[in-house]
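Take a look at the structure below.
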Amino acid sequence: MNRSQREAAVRQIMERRAPTVPSGLYGDAVRRGDRMLRRRRAARRLLWLFLLAAALAFAVWALTARPWVEPPSQTTPPLTGW
């Protein structure tokens, strides 16, 4: 297919009448898009809630377990009665 044939084919495609769109298609697309947005928003909120709960659980664990404190030594007995 040479260049002039391609141009003629493109012109023929461009000159065609646009296909008719079913009347209810716009409403269906709007409803489907609205549903997708609501689901994404709900999923995003659930993920933020999960992240907040995980951070809160970590904070509570860290305050109760205090992993930054060195555990007492178990190798020598405490000195009493000096």
Q) Can you name the condition, by its number, that V10 falls short on among (1) part of a helix (DSSP H, G or I); (2) open to solvent by 100 Å² or more (accessible area, probe 1.4 Å)? A) (2)
(Q) Please go through region 13-32 and give me each residue that is open to solvent by 80 Å² or more (accessible area, probe 1.4 Å) and either on the phi > 0 side of the Ramachandran plot or part of a loop (DSSP other than H, G, I, E, B) (or both), ordered by number. (A) R16, R17, P19, T20, V21, P22, S23
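The values are calculated or read from the model by the stated rules, or taken from the named source; none is laboratory data. Remember, it's a predicted structure, so these values are computed and weren't measured experimentally. Note: areas computed on protein heavy atoms with side chains; ligands, DNA, RNA excluded. Shrake-Rupley method; radii C 1.70, N 1.55, O 1.52, S 1.80 Å.
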